[in-house]
Every structure is written in C-alpha cells, then in structure tokens.
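The values are calculated or read from the model by the stated rules, or taken from the named source; none is laboratory data. These numbers were taken from a predicted model, which means no experiment stands behind them. Virtual Cβ from ideal backbone geometry, glycine too; neighbours counted across all protein chains shown.
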Amino acid sequence: MSAEFVLFWVFAIATAMSALGVIVTKNPIASAMSLVATFFFLAGIYVLLWAHTVAVLQVMVYAGAIMVLFLFVIMLLSLGEDTSMTKFSPTRIIGGVATAGLLAALVLAFRKLPEASTGWAASVDQLKAFGTLSQLGDVLYKQWLFPFEAVSLLLLVAIVGAVVVAKPRI
Amino acid sequence: MQRIGVVGFICGLIVSAIFGAMAAAYGLAGFLEKTLVEKLGIQGGAGIGNMLILMLVFVMVIATLLTLAERKWSALMQDRIGPNRARINLPGLRDQSLAGLPHIATDVIKMLTKEDFQPKAANKFLFNLAPMLAFAPAFALFAIVPAGPTLPVLGYQVQMSVANPDFGLLYIFAIASLAVYGTSLAGWASNNKFALLGGVRASSQMISYEVALGLSLVGMMLAFSTVQLAGPTGMSELQGGYLWRFTEVGGFDVGIPAWGFLLQPLGFVLFFAASFAETKRAPFDVPEGESEIIGYFVEYSGMKFGLFMIAEFVEVVVLAGVIVAIFFGGYYLPFGNEWLKAQTVFVEQPWLLGAVFGTVFWVKVVLLCYVQLAIRWTFPRFRYDQIQTLGWKILLPVGLLNVFVTGAVILWALPEGAATLPAAALIPFLQPLAIVGLVEIAVVVALTLTPREGAESAHADGHGHGHTDTHAPAPSHGATPVASSH
C-alpha cells in the first residue's frame with residue numbers, strides 16, 4: 001500500500017465527512033466552517049492528482065475569499081439555529097429527488113469509464129509539469145484566452161450590475 | 001561613551017548569535033538531507049531542519065522578544081522607562097533590571113497559570129478552535145521565505161527555506177487569506193456583542209485589503225518573471241544582481257542592486273500598507289479597537305489570549321521576512337556579494353557563506369520589525385470608514401495603475417526573445433523600470449517635503465510644547481494589556 005493510497009483515503013473520507021457536516025449541522029457558522037474544511041481536504045485530493053496549482057487556488061479563492069464572505073454575511077445577519085431544518089417542504093423534496101438523480105447519473109457514468117485512464121501522461125516528468133503554474137498559464141493565456149477574458153468580462157458585468165441594483169439605496 | 005560600548009557589545013552579541021544559529025541551520029539541514037537520502041532514499045530532509053531552526057527557533061524567538069521590544073520601544077517613544085520591575089533573585093542580579101528581559105518569563109508564567117475561562121453560552125468547539133486558527137496561518141506563512149542561498153553542504157544542495165513550491169507567492173496569498181477565520185470565529189463563538197463586532201470588523205477589513213495585497217505584488221512577479229521566492233531563479237536570488245554595475249575596486253563589486261523597492265517602490269508601499277492592515281495592528285486596529293469594543297478576543301483569557309497576541313507578533317516577523325525577501329534583496333548585501341562568494345574561505349566552506357548571508361537576512365528582518373513597531377506607536381488610528389476608503393479607493397486603483405505601468409515598461413524594455421534567456425541575464429534590461437521607480441520615489445519625497453497649505457497654523461496647534469505632556473502616558477493604548485501597567 002503506497003503512501004499516495006493512504007493519503008487518498010484520508011482526504012477522501014475527511015472530504016465526505018466534512019461535506020456531510022455542511023448539511024447535517026444546524027448551526028449556520030458550523031456549517032460554513034465544515035464547507036471550509038471540505039475545500040481543504042478537496043485541495044489535498046487535487047495535489048494527489050498532480051494539480052497542485054489548482055489546489056492552492058482552491059484554498060485561496062474558495063476557502064480564503066468566498067467562504068470568508070459567507071461567514072461575514074452569516075455573522076452580520078446573526079442567524080440563529082433554525083428549527084425548520086427538519087420540516088419537509090416541496091423544495092426540499094424536489095432537491096432530494098434531484099440529488100438522487102444526479103448521484104445515479106454519476107454512478108452510471110463512472111461505471112462506463114475505461115479501466116486504464118492514466119495513459120495521457122507518458123512519463124513522470126510530464127506528470128510533474130502538468131500541474132505547475134507555468135503550464136496552467138500557458139493553457140489559460142494561449143489556448144483558452146478568449147473564454148478566459150469573456151469570463152472576466154462576465155464578472156465585471158456582475159459587479160456593475162450589483163452597483164446599479166444597489167445604487168438607489170446607497 | 002560607556003553606554004555606546006554596551007549597546008555595541010550587545011548588538012555584536014546578537015549578530016554573532018544569529019550567525020551561529022544560521023551556521024547550525026545549514027549544518028542541521030545538510031545532515032538531515034544526507035541522512036534521509038542515504039538511509040531512506042527520501043529527499044527533503046533539509047526542509048525538516050529548516051522547519052525546526054528557521055520557524056521554531058528564529059521566528060518564535062524574535063516574536064517572543066518583540067513582545068518585550070514593543071513595550072520598551074513604546075515606552076521610549078512616550079518618555080517612559082517601560083517594564084523594569086521583574087528581577088531575578090540571584091546574588092548580583094537583584095539590582096539589575098536586565099532591560100526587562102525577565103518580564104518575558106513572567107508573562108509566560110502569568111498566561112499559563114491564569115484561569116482558562118469560558119463563557120457559558122459560547123460555542124465550545126469553535127471557541128477553542130479560534131486561537132489555533134489565528135496562530136497557525138501566521139506561523140505557516142514563513143515556510144516559503146528563504147533565509148539564505150542554496151548551497152552544497154555535506155555533498156548535497158541545501159536550500160534555506162522549508163519549501164519552494166512552484167506557485168510561490170500564491171501560497172502566501174492562500175495562507176494569509178485564512179488568517180481571518182481565527183479572528184472572526186473568535187468574535188462569533190464568544191457570544192459577546194463586542195467580540196462579534198470585532199470579528200465582523202476584522203473580516204471586512206481583511207477582505208478589503210486582500211485585493212490590494214494581491215495586486216501589489218503583480219509588478220514584482222512581472223519584473224522578475226517568477227512567483228518563487230527561493231531557489232536559483234527565485235526573487236531573493238535574482239536581487240543579488242546589479243541594475244547598474246560600476247567599476248570594481250580591487251575585485252570588490254559595487255553597483256545599484258536590483259532590489260525590489262527600487263524597481264517597485266509603489267508596489268512596496270502598497271504591499272506594506274495592505275499587509276500591515278492584515279496584521280490588524282495600529283493604525284489599522286479597529287478589529288481590536290481597545291477604546292471602544294476591546295476586540296474579538298475580549299472573552300479569552302490565559303494562554304488562549306496569549307495565542308492571539310503571539311500570533312500578532314509572529315505576523316510582524318513573517319511580514320518583515322516576506323518584505324525582505326521580495327523588496328529588500330533577500331539575504332544579499334547591497335554590494336560586494338560576488339567578492340564575498342569568490343573568497344577562498346567561502347569557496348572551501350560554503351556553509352560559512354550561507355551563515356554570513358543568513359545573518360544579513362535576519363538583521364534586515366529585525367530592522368523591519370523595528371520599523372513596524374515604530375509605525376504602530378507613532379501613527380494615529382484610522383477611523384473605520386477611512387480604512388475602507390484607503391483600501392478600495394486609494395490602494396486598489398493605485399495598485400491597478402502600478403500593474404499597467406509596470407507591464408508596459410517591461411514590455412518595452414525587454415529584448416526580443418527574452419523568454420528564452422535565463423532570468424539573471426534579464427536584470428540589466430530592467431533599468432527603465434528602475435528609472436520609473438526612482439522617479440516615483442523622488443515624487444514621494446518631494447510631496448513629503450513640500451509644506452501643505454495651512455500647515456503653519458496646524459503646526460502651531462498640534463505640536464505645541466504642552467501637547468506632548470498630555471499624550472505621554474497613553475495608559476490604555478497597547479496590544480498587551482500588561483504593557484499599560486508599567
């Protein structure tokens with residue numbers, strides 16, 4: 001049993017447990033912190049997949065920026081423990097059915113995956129170079145430049161939109 | 001005259017202690033690397049040695065001494081004596097205050113023996129987790145900062161940083177952005193309205209300044225076309241090169257070094273301001289806000305409060321280390337580096353060279369720590385809206401402008417086929433960027449020296465003679481509540 005294998009199961013179980021914590025805990029802050037933990041363990045799995053740049057970006061963007069904003073909003077609204085969590089409502093039932101459907105689709109898709117899927121990397125050196133920052137930059141700014149810029153324009157539009165919507169109230 | 005001698009002796013003692021510790025660091029790192037490679041076949045033993053010496057010894061010892069230094073320096077600035085009451089009850093030492101050094105021990109004893117109080121309605125788990133979350137990111141930040149050059153020791157190339165990932169500075173941004181969880185969770189889990197206010201203030205302030213923090217370093221990444229700090233193509237190593245090289249006097253190289261603050265003065269100021277805001281120290285101390293809300297750690301006592309406090313000082317040390325590595329030439333002297341490297345004693349014993357450069361690094365770090373303490377005790381606090389205005393309306397646009405100007409100058413200055421040249425060969429091509437930087441420095445100096453309109457009357461009002469007396473005691477101001485009692 002290799003060290004990689006052990007690490008995978010550590011990260012995988014921890015990811016699943018903390019993801020479960022997000023929906024099981026009643027306290028919104030504890031829920032948000034579980035999500036932060038999920039992102040961390042997921043970053044560990046990215047590292048095992050040779051994508052360490054994606055891992056550090058995951059920690060930086062999701063755990064470090066987006067979840068901080070979540071936490072900030074939760075604290076600002078000072079949401080208490082919501083007792084309506086146990087009630088059934090139409091949206092909850094639809095959500096449950098959709099989740100089950102997604103899970104079924106994923107399971108079916110995984111069963112059709114070919115067995116040996118590591119053929120994309122010819123050597124260890126190629127694997128090492130795969131996840132580096134320079135490789136990512138190369139792909140992002142040469143191969144996918146237009147989609148990248150288009151997405152950044154989308155973010156700009158979103159910011160301007162937020163300002164326009166909030167302007168009368170400021 | 002005798003006092004100058006004593007101060008000189010103590011400074012010499014500190015520098016030689018740093019030198020010895022750095023020599024030991026190279027020795028231990030080389031030994032661990034050699035042992036692990038030969039016994040287990042694993043590389044990276046040097047990183048373990050560096051973790052032990054650089055992080056646990058250097059960073060922690062400097063941070064601990066800073067708790068005393070802050071109180072002594074603040075006392076000096078406010079015309080007080082500062083902590084001097086703790087004594088060691090041994091013959092000959094009873095009448096010696098030892099510059100207040102025993103206060104460090106008394107502080108530790110006090111914090112460890114105090115009652116560990118927990119508010120009844122607090123969320124126990126998060127309440128206990130918060131101090132750890134505040135301390136760990138600040139401490140872990142130092143992992144990629146190189147304290148010395150990569151040198152062969154015991155036949156193995158030994159690097160003087162814990163790790164050198166290829167995403168370099170992204171690690172700093174990622175870990176620095178996690179520091180906010182400690183403070184905001186401490187504020188929330190305490191179940192105290194003042195603490196909650198502190199936590200909310202901390203998170204909003206840190207979110208605001210993270211954007212400027214990231215933008216401020218883009219210029220340096222462009223200039224050296226790397227995001228790494230350590231290693232042969234890292235920023236610290238490249239700053240050993242010269243922008244302008246003057247004639248050498250007897251093999252001793254002199255020139256204007258390619259230090260980051262010459263290439264990117266604006267980037268340096270932005271980074272310093274933004275990262276200072278991230279440490280939550282005055283003038284950016286609204287999360288603490290002693291005079292109004294006491295802060296996010298109001299419910300903490302004993303060593304849990306101590307963790308918040310020491311995290312702040314660790315942040316000061318780490319920030320100084322990062323700034324030295326990026327903007328102040330890392331472990332290099334401003335001149336004579338090549339002359340040093342060529343000396344026979346250093347060629348034969350590379351670890352000695354490493355210890356010399358390591359000493360240079362830590363001396364720079366200590367000096368920058370002093371600058372930070374001086375800023376903390378001389379600047380008045382910002383109001384909350386001023387902090388947000390500074391972050392979003394000044395630092396962010398200036399940072400964006402800096403990125404565009406730097407990018408344009410570099411694009412114009414670099415020769416054809418620059419991507420294929422080694423990074424060290426590109427340093428002379430950065431001269432136009434340095435000229436832009438020097439112009440920026442000149443403008444800032446000129447603006448600072450120009451008297452403002454109506455400055456005369458403000459001078460007469462604000463700096464009158466009696467004014468200093470009213471401010472001298474400043475009893476309630478200090479991150480360390482113990483400091484105010486002296």
Exercise. Going by the conditions given, is B:L66 closer than 30 Å to B:F19 by Cβ and at pLDDT 90 or above?
Worked result: yes
Problem set entry | Qualifying residue in segment B:139-152 (condition: in contact (Cβ under 8 Å) with a residue 60 or more places away in the chain, surrounded by fewer than 18 Cβ atoms within 10 Å (Cβ to Cβ) and in contact with a helix residue (DSSP H, G or I) (Cβ under 8 Å, 6 or more places away or on another chain)) | yes
For this session: Mind telling me which of the residues A:S18, A:S31 ends up being assigned to a helix (DSSP H, G or I), free of Cβ contacts under 8 Å to residues at least 12 places away in the same chain and not hydrophobic (A, V, I, L, M, F, W, C)?
Result: A:S31
For this session: Check whether at least one residue in segment B:201-211 is modelled with pLDDT of 85 or more and over 21 Å from A:M60 (Cβ atoms), and report yes or no.
Result: yes
Exercise. Can you name every residue in segment B:91-116 that is assigned to a loop (DSSP other than H, G, I, E, B) and either farther than 13 Å from B:L65 by Cβ or of a type in the set (D, E, K, R) (or both)?
Worked result: B:P91, B:G92, B:L93, B:R94, B:D95, B:Q96, B:S97, B:K114, B:E115, B:D116
Seminar exercise, completed: Of the listed residues (A:F130, A:F148), the one being within 30 Å of B:N164 (Cα to Cα), at pLDDT 85 or above and not hydroxyl-bearing (S, T, Y) is A:F148
For this session: Please work out which residue is nearest to A:V124 (Cα to Cα), limiting yourself to segment A:56-80 and to residues that are more than 9 Å from chain B (Cβ to nearest Cβ) and free of Cβ contacts under 8 Å to residues at least 40 places away in the same chain.
Result: A:Y62
Seminar exercise, completed: Of (1) out of contact with any Pro (no Cβ under 9 Å at 6 or more places or on another chain); (2) in contact (Cβ under 8 Å) with a residue 60 or more places away in the chain; (3) at the interface with chain A (Cβ under 10 Å from one of its Cβ atoms); (4) within 23 Å of B:G267 (Cα to Cα), B:A179 fails just (1)
Seminar exercise, completed: Out of (1) outside any loop (DSSP other than H, G, I, E, B); (2) within 14 Å of chain A (Cβ to nearest Cβ); (3) surrounded by fewer than 15 Cβ atoms within 10 Å (Cβ to Cβ), the one B:A121 does not meet is (1)
Problem set entry | Qualifying residues in segment B:192-212 (those that are more than 10 Å from chain A (Cβ to nearest Cβ) and in contact with a Leu (Cβ under 8 Å, 6 or more places away or on another chain)) - the one surrounded by the fewest Cβ atoms within 10 Å (Cβ to Cβ) | B:A212
Seminar exercise, completed: Condition set crowded, with 16+ Cβ neighbours inside 10 Å and not aliphatic (A, V, I, L, M), scope segment B:89-117, selection modelled with the lowest pLDDT: answer is B:S97
For this session: For B:F268, indicate whether it is of a type in the set (F, W, Y), in contact with a Gly (Cβ under 6 Å, 6 or more places away or on another chain) and either in contact (Cβ under 8 Å) with a residue 60 or more places away in the chain or surrounded by 24 or more Cβ atoms within 10 Å (Cβ to Cβ) (or both).
Result: no
Exercise. Out of (1) within 30 Å of A:G137 (Cα to Cα); (2) in contact with a strand residue (DSSP E or B) (Cβ under 8 Å, 6 or more places away or on another chain), the odd one out for B:L151 is which?
Worked result: (1)
For this session: Considering only segment A:5-37, state which residues are hydroxyl-bearing (S, T, Y) and more than 14 Å from chain B (Cβ to nearest Cβ).
Result: A:T15
Exercise. Among the residues of segment B:255-263, is there at least one that is under 29 Å from B:G358 (Cβ atoms), in contact (Cβ under 8 Å) with a residue 12 or more places away in the chain, in contact with a helix residue (DSSP H, G or I) (Cβ under 6 Å, 6 or more places away or on another chain) and in a loop (DSSP other than H, G, I, E, B)?
Worked result: yes
Exercise. In segment B:204-221, is there at least one residue being part of a loop (DSSP other than H, G, I, E, B) and over 22 Å from B:L169 (Cβ atoms)?
Worked result: no
Exercise. So which residues in segment B:17-35 are over 14 Å from B:G354 (Cα atoms) and either without any contact (Cβ under 8 Å) to a residue 12 or more places away in the chain or surrounded by 19 or more Cβ atoms within 10 Å (Cβ to Cβ) (or both), if there are any at all?
Worked result: B:A17, B:L32, B:E33, B:T35
Problem set entry | Evaluation of B:K280 against (1) outside any helix (DSSP H, G or I); (2) out of contact with any Pro (no Cβ under 9 Å at 6 or more places or on another chain) (one fails), failing number | (2)
For this session: Have a look at B:A147, B:A143, B:A163 and point out the one that is under 30 Å from B:V37 (Cβ atoms) and away from chain A (no Cβ under 14 Å).
Result: B:A147
Exercise. Where in segment B:368-467 are there helices (runs of 4 or more DSSP H), lying wholly inside it, with at least 1 residues that are farther than 30 Å from B:L66 by Cβ and at pLDDT 85 or above?
Worked result: B:384-389, B:396-413, B:431-449
